[in-house]
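Novice: After the C-alpha cells below, expect a handful of questions from me.
The values are calculated or read from the model by the stated rules, or taken from the named source; none is laboratory data. Remember, it's a predicted structure, so these values are computed and weren't measured experimentally. Every residue, glycine as well, gets a Cβ built from its backbone with ideal geometry; the counts of neighbours run over all protein chains shown. Remember, those area values only see protein heavy atoms, side chains included, never the ligands or the DNA or RNA. Shrake-Rupley method; radii C 1.70, N 1.55, O 1.52, S 1.80 Å.
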Amino acid sequence: MGEKGRDFLVILCLCLPLFAHSQCNRKPVVFNFGDSNSDTGGFSIGLGLNFGPPNGRTFFHQPSGRLCDGRLIIDFLCENLHAGYLTPYLESLGPNFTNGANFAISGSSTLPRYKPFSLSVQVLQLLQFRARSLELISKGYKDLVTDEEFNNALYTIDIGQNDLASSFTYLSYTQVIEKIPSMITEIKNAIWTIYKHGGQNFWVHNTGPLGCLPQILATTTENASDFDQYGCLQPLNNAAKEFNEQLRTLCEELRSEMKNVTIVYADIYSIKYDLAAHATNYGFENPLMACCGYGGPPYNYNPNTTCGQTGFNVCNEGAKYISWDGVHYTEAANSIFASKILSTYYSTPQTSFNYFCTS
C-alpha cells in the first residue's frame, strides 16, 4: 500500500470514534520504559516538581504530570486496550497497578548506566516491583500483577531521544554516530534482562526526527544546506536514522536468539516525520512552531522562557499544532501517532498492538 493509501486509512480512522477498543481474551498488562514521551507522572512525583498550567489543559483540564496539553501516545494505546492509564511506578498515594506500571521518567536516557533514571535503573525497578508484588500476593494481597501476568505482559520501550539530543551539545556528528552502538547495547541488555525474568512480549519504538523539534531548530546554528525541504535539520535527523537502523537490526538479532518471544519494532520516526512534512494534509498549523513558548515565529521557542515560565505565550486551545512546548508533542499529534501505530503498517513484524492479550 502506498503512502497516500496509508494516510487515507489513518484519516478515515480518525473520523470514527477514537480507536475501537481491542478485544482481549485476558487482562492486558503493560510495563512501559522510556522518557518524557511516555512519562505519565513519574518525574513530577519522584522529584516533587509539578508541571503547572497550561500542561494538561486539553483532556485532563489540569496538570497531569505529563509534558503535554493532554494525552500521550501510551495513553491512547492503553485506551485501545480498554485498560486504565499506566500509573507511575513512583506513585505513593492511591496507585493502581492492576494493569501494569510506568517506569518512564522525563529526561531519561540509556546512558550513563545506573544514573537515575536511566533505562538500566528502570529495569531494576521492574525487577524489584515484580519481586515485591509476588511477595505480597503470597501474603494475601489482591489486585496485583501475578507471576503469569508478568510473563504474558507487554513490555514497551521508547527511549533514545535524550541520548542523541544531549550528545549533540558537546560532540561532533561523527562522535555522536560512534556513540550510538553503546546506546543500543543498553537497550539490548534491558530486553535480555526482562526476557530472563520471563518476559515474552516486547514493543520497541524507534526515536523521532530530532531535527524537526522547535527547540533544536531555535538553539542550533547550522548552514542553510543542513536544512531539508521541510525546514528540518538533516544532521540530527540522519543521526536518528542511524540510531533507528541499529535498533531495527538489534530487534532482528534478538528474535533469532530468543525462544518463544515476539519483538515488534515500531517506526515512530516515519510516523512523526510524515506529520511534520505533510502537516496541512492533517489540518495542522505551523509544523515547526511550538504552541506553548516564547518568541513567536518561526519556532516560538526560547530556552530562557519556556512553556509555563513567566512571559510565555500559548496558542488557542482549538488550534492544531504538532509541537506543544518545542520538545514534546500535542495531544492532537499524539492521537495521530497512536492511530498509525495501531494501523500496523509501521510495525515489523506487522502485528496488532493487542496481540499479547488475544492469544
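Novice: Rank by packing, highest mean first: peptides 256-267, 40-51, with packing defined as the count of other Cβ atoms within 10 Å averaged across residues.
Specialist: Numbers: 256-267: 15.9, 40-51: 19.1.
Order by mean packing, descending: 40-51, 256-267.
Novice: Then there's this: For region 69-193, I need the span (max minus min coordinate) of the C-alpha atoms along each principal axis, in Å, sorted largest to smallest.
Specialist: 55, 33, 26
Novice: Report the accessible area of residue 192, computed with a 1.4 Å probe over the heavy atoms of all protein chains in place, in Å² rounded to the nearest 10.
Specialist: 60
Novice: Determine the sum of side-chain charges near residue 199: Lys and Arg each +1, Asp and Glu each -1, restricted to other residues whose C-beta is under 15 angstrom from that of residue 199.
Specialist: Combined, the nearby Lys, Arg, Asp and Glu give +1.
Novice: DSSP H helices in the chain with Cα extent of 30 Å or more along the helix axis and mean Kyte-Doolittle hydropathy at least 0.0? Write down the numbers at each step before the final one.
Specialist: On the way: long enough: 173-196 (35 Å, 0.05); 234-257 (34 Å, -1.12).
Length and hydropathy pass: 173-196.
Novice: Say R0 is 22 Å: what FRET efficiency, to the nearest 0.05, do residue 113 and residue 151 get from their beta-carbon distance? Before the final figure, lay out the partial values.
Specialist: Details: r = 26 Å, r/R0 = 1.18.
With a Förster radius of 22 Å, E is 0.25.
Novice: On to the next question. Using the Kirkwood radius over Cα pairs, work out the Stokes-Einstein diffusion coefficient for region 169-283 at 37 °C and 0.692 mPa s, in µm²/s as a whole number.
Specialist: The Stokes-Einstein estimate is 208 µm²/s.
Novice: Which FRET efficiency value, to the nearest 0.05, do you get for residue 144 and residue 348 by plugging their Cβ-Cβ distance into 1/(1 + (r/R0)^6) with R0 = 45 Å?
Specialist: Between residue 144 and residue 348 the formula returns 0.85.
Novice: Shifting gears a bit: Two decimals, Cα atoms only, Kirkwood Rh: what is Rg/Rh over region 53-108?
Specialist: That ratio is 0.95, to two decimals.
Novice: Below 8 Å between Cα atoms, with a sequence gap of 6+, how large is the relative contact order for region 33-170 in percent?
Specialist: That works out to 27 percent.
Novice: I would also like to ask the following. What net charge do the residues around residue 33 carry, taking every other residue with its C-beta under 13 Å from that of residue 33, with Lys and Arg at +1 and Asp and Glu at -1?
Specialist: Neighbourhood net charge equals -4.
Novice: Follow-up. Please work out the Cα convex hull volume for region 111-165 and give it in Å³ per residue.
Specialist: Residue-normalised Cα hull volume stands at 89 Å³.
Novice: Using 7 Å Cα-to-Cβ label points, what is the residue 24/residue 281 separation (nm, one decimal)?
Specialist: The two pseudo-label positions are separated by 3.3 nm.
Novice: Follow-up question, since we're still on this one. Can you list the lysines whose alpha carbon is less than 29 Å from that of residue 142, not counting same-chain residues fewer than 8 positions off?
Specialist: List returned: 27, 196.
Novice: Give, as a single signed number, the net charge of other residues whose beta carbon lies under 11 Å from the beta carbon of residue 77, with Lys and Arg counted +1 and Asp and Glu -1.
Specialist: -2
Novice: Quick one: grab the alpha carbon gyration tensor of region 220-259, order the square roots of its eigenvalues as a ≥ b ≥ c, and give me rounded if a/c is under 1.5, else prolate or oblate depending on whether a/b is larger than b/c. Write out the running numbers ahead of the final one.
Specialist: Values: a/c = 6.29, a/b = 4.29, b/c = 1.47.
Note, shape of region 220-259 comes out prolate.
Novice: What aspartates and glutamates could a cross-link reach from residue 241, if we take a straight Cα to Cα line under 17 Å and drop same-chain neighbours fewer than 8 places away?
Specialist: Partners found: 158, 163, 178, 226, 228, 252, 267, 274.
Novice: Another one. What shape does region 234-323 have by the C-alpha gyration tensor, where a ≥ b ≥ c are the square roots of the eigenvalues, rounded means a/c under 1.5, and otherwise prolate means a/b greater than b/c and oblate the rest?
Specialist: Values: a/c = 2.74, a/b = 2.35, b/c = 1.17.
Taking the square roots of the gyration eigenvalues as a ≥ b ≥ c, region 234-323 is prolate.
Novice: Please get the size of the charge dipole for the chain, origin at its Cα centre, with Cβ charges of +1 on Lys and Arg and -1 on Asp and Glu, quoted in debye to the nearest 20.
Specialist: Rounded to the nearest 20 debye, it is 700 debye.
Novice: So for the chain, averaging the separation of alpha carbon pairs under 8 Å that are six or more residues apart and normalising by length, what relative contact order in percent results?
Specialist: 19
Novice: Could you compute the FRET efficiency for residue 224 and residue 172, with r as their C-beta to C-beta distance and R0 at 25 Å, rounded to 0.05?
Specialist: E(calc), rounded to 0.05, equals 0.80.
Novice: When all alpha-carbon pairs of the chain are counted, what percent fall beyond 35 Å?
Specialist: Details: 12105 of 64261 pairs.
Cα-Cα pairs of the chain separated by over 35 Å account for 19 percent.
Novice: Once the convex hull of the alpha carbons of region 204-359 is built, what does its volume come to per residue, in cubic angstrom?
Specialist: Values: hull volume 20.8 nm³, N = 156.
For region 204-359, the hull spanned by Cα atoms encloses 133 Å³ per residue.
Novice: Using the Cα centre of region 153-234 as the reference point, and only Cβ charges (+1 on K/R, -1 on D/E), how large is the resulting charge dipole? Debye, rounded to the nearest 20. Walk me through the numbers before you get to the answer.
Specialist: Working: 3 positive and 7 negative charges, 74 e Å.
Dipole of region 153-234, to the nearest 20 debye: 360 debye.
Novice: On the accessible surface of region 140-268, probed at 1.4 Å, how many percent belong to carbon and sulfur atoms? Display every interim value, and only then the final one.
Specialist: Details: 2440 of 5460 Å².
In region 140-268, the share of accessible area belonging to carbon and sulfur is 45 percent.
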